[in-house]
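See structure below.
The values are calculated or read from the model by the stated rules, or taken from the named source; none is laboratory data. These figures come from a predicted structure and were not determined experimentally. With ideal geometry, Cβ positions are generated from the backbone for all residues, glycine too; neighbour counts draw on all protein chains shown. Just so you know, the surface numbers come from the protein's heavy atoms only, side chains and all, with ligands and any DNA or RNA stripped out. Shrake-Rupley method; radii C 1.70, N 1.55, O 1.52, S 1.80 Å.
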Amino acid sequence: MRYIGRALTASAFVLGACAGGDNKTATDTATAAPAATTPAATTPAATTPAATTAAAPITGTTHEVKMIGDEKGYKFVPAQLTVKPGDGIKFIMVTGGPHNVGFDASAMAPDMVTKFSANMPDAPSAKMSAMESPMLVNANDSYTVSFAGVKPGTYSFHCTPHLAMNMKGSVTVQ
């Protein structure tokens with residue numbers, strides 16, 4: 001019995017230590033989601049930890065992509081789209097959340113990792129392996145990514161919580 005008590009105490013200590021991290025609180029997360037609904041053009045690049053360049057404003061069309069999770073599956077609608085440099089994509093949480101949008105940085109040139117990091121405001125994990133938006137929890141929560149300054153090519157994106165359910169898409173920049 002004494003062993004179980006020590007194991008529980010040790011587990012509580014480890015979990016408490018893991019939660020410390022960067023001193024962010026649940027309030028920080030709750031306030032980050034509404035800020036993510038602002039377009040990249042109005043959010044300073046300083047809010048993205050890995051950003052070394054300023055966010056480029058959207059100067060073209062803003063395309064909408066719905067994030068859906070239901071009995072038919074988890075998907076982006078549309079899952080493939082084509083944009084021009086200067087366009088933006090507004091990802092909108094519809095059902096089955098929480099959702100986010102992440103881009104695979106390992107498939108990008110380093111200068112594009114820097115550009116995407118700057119163009120993804122309030123991204124909690126903009127780092128060299130993946131750039132991810134904050135979680136979208138409520139219906140109609142949205143997150144906008146600017147494609148201004150992004151080189152032509154095809155960029156894959158995914159929803160991290162539903163990646164195993166094949167919630168993926170791609171955007172081709174012309």
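Quick notes
- Those strands (runs of 3 or more DSSP E) of the stretch 133-174 in which 2 or more residues are under 11 Å from HIS99 (Cβ atoms) and in contact with a strand residue (DSSP E or B) (Cβ under 7 Å, 6 or more places away or on another chain) occupy 142-146.
- Qualifying residue in the stretch 76-84 (condition: open to solvent by 50 Å² or more (accessible area, probe 1.4 Å), of a type in the set (S, T, N, Q) and touching a strand residue (DSSP E or B) at 6+ places or on another chain (Cβ under 9 Å)): yes
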